[in-house]
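The values are calculated or read from the model by the stated rules, or taken from the named source; none is laboratory data. Computed from a predicted structure; not experimentally measured. Every residue, glycine among them, receives a Cβ derived from its backbone with ideal geometry; neighbour counts consider all protein chains shown.
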Amino acid sequence: MKIITEIGLPIGTASENLGLLINVEPKLKVSDNVFMGIRIAMAVNSQTLKNHDNTQFIIDDEFDHGFLSIIPTIDYYWQKENFLPYLGAGIGPYSLANNIDVLRMSSINSNANTFEVEVAHQIGFLVRGGFELGKGRFGLEYNFVPKTTLESPNEKERIGTVDSSYLGLTIGFVIGGR
């Protein structure tokens, strides 16, 4: 058994806040080149919020947002002495940020009201690759999470979408066996 710990950055998101990834993954060796694990990941500011009508709604993206995911994974390693390249995949639940603040603009009396929009949880896919060098680990991962539609709580008006898919660059270390 080995445990992987990684930190990293989401690449290409539209968030103006600093993004961060933290992964912890216990893994078991199931054959000479294959490991299976459970990746527990937290991503902050990896979501892209898109507003469908800027004249009617303002989506508040000032605060941090993100998700937690617990994904079963499988990785294939090529045996190369101390240098171990790998490819992996996984599928599982992504528990997205619960609420997003939305400001409704009213043209009748020029005031505005704020309300919260619930964001649904999604099943997502993980594809990754990289290498381990000694006890160090360097990787690139893509997390595909279907887009979530934002709707007003009462009128069911379509406000926008949340895209939680991201490309992540990670660096970490290996604890335990090879």
Specify the residue that is modelled with the highest pLDDT; the eligible residues are those in the stretch 58-112 that are in a loop (DSSP other than H, G, I, E, B), of a type outside the set (Phe, Trp, Tyr) and under 29 Å from residue 124 (Cα atoms). 65
Mind checking which residues of the stretch 122-145 are part of a loop (DSSP other than H, G, I, E, B) and either surrounded by 16 or more Cβ atoms within 10 Å (Cβ to Cβ) or acidic (Asp, Glu) (or both)? 145
For the stretch 158-178: of the residues being at pLDDT 75 or above and assigned to a loop (DSSP other than H, G, I, E, B), which is surrounded by the fewest Cβ atoms within 10 Å (Cβ to Cβ)? 165
